[in-house]
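Colleague: Structure provided below as structure tokens; questions to follow.
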Amino acid sequence: MPRGPRAGPRDRPPRFRDLPPLDEAALERLALRYVEKFATSRGKLADYLRRKLRERGGAGDAAAIAERMAERGYVDDDAYAEARARGLARKGLGARRVTQDLRQAGIDEDGIARATGEASPLDAALAFARRKRIGPFARNVPDPKTREKQIAALVRAGHPYPLARGIADLPPGADPAALAED
């Protein structure tokens, strides 16, 4: 399927060929429908609207519509960032991964700092270790190769290497509170 400046209406996917191009009012209706269904940030809403404009064609300012939705109170970046950060921390993701996710959602640095400020790195790492049965939550002592894989999984989840190594080094059934004292 050709793309780029020469791509015409017949080059769009078949499901969009019969739909009329989007105008400002249709774009605003799409935005309302989106914020009705999903918690989102201004950045994610603007990206969604830009994608719809690419798919169906038409004209409109996606960023301006996202800004209007925020002014009306339909989109709240701070509330979205806090809820998203709490949810990712409960899943066991570290500060680095949470920050990366919030940046991807278009949250500014101040909003990221407010959302991740109170999160405990140890609690998030232990939640991940519990979910993946690493260290004190394992059934048995892992062999060295498995231990290295467990450390790598913790680091990929956004946790610092020393914390990941400390958790993976704990024997099964050990009290992880010893890590908090370090």
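Read-outs: derived from the displayed coordinates by stated rules, not from any lab. Bear in mind that the values here come from a model prediction, so they are computed numbers and not experimental data. Here Cβ is always computed from backbone atoms with ideal geometry, including for glycine, and neighbour counts include all displayed protein chains.
Colleague: Note down the relative contact order for region 121-181 as a percent, whole number, built from C-alpha pairs under 8 angstrom at least six residues apart.
Modeller: Relative contact order of region 121-181: 45 percent.
Colleague: What number, rounded to the nearest 500 deg cm²/dmol, is the helix-based mean residue ellipticity at 222 nm of the chain, given -39500 (n - 2.57) per DSSP H run of at least four residues and division by all its residues? Display every interim value, and only then the final one.
Modeller: On the way: 11 runs with 115 residues, N = 182.
That comes out to -19000 deg cm²/dmol.
Colleague: Taking 8 Å as the Cα distance limit and 6 or more residues as the minimum spacing, I'd like the relative contact order of the chain as a percentage.
Modeller: 17 percent
Colleague: Then there's this: Just need the relative contact order of region 77-116 here, percent rounded to a whole number, with Cα pairs under 8 Å and 6+ apart.
Modeller: 56 percent
Colleague: Let me ask you something else. For Glu71 and Asp108, compute 0.36 nm times the residue count separating them, minus their Cα-Cα distance, and round to one decimal in nm.
Modeller: So the extension gain works out to 11.6 nm.
Colleague: How much length is gained if the chain between Lys149 and Arg86 is pulled fully straight, taking 0.36 nm per residue apart and subtracting their Cα-Cα distance, in nm to one decimal? Each step should come with its number before you reach the end.
Modeller: Values: separation 63, 0.36 × 63 = 22.68 nm, distance 2.61 nm.
Between Lys149 and Arg86, full extension yields an extra 20.1 nm.
Colleague: Just to confirm the filter: which trypsin sites (Lys or Arg not before Pro) across region 97-140 are DSSP coil and have at most 12 other Cβ within 10 angstrom of their Cβ?
Modeller: Arg139
Colleague: Still on this model: Using unit Cβ charges (K, R positive; D, E negative) and no other charged atoms, how large, in debye to the nearest 20, is the dipole of region 77-116 about its Cα centre?
Modeller: That gives a dipole near 380 debye.
Colleague: Here's something else I'd like to know. What distance in nm separates the simple spin-label points at Ala119 and Arg139, each placed 7 Å from Cα in the Cβ direction?
Modeller: Taking the simple label geometry, Ala119 and Arg139 are separated by 3.1 nm.
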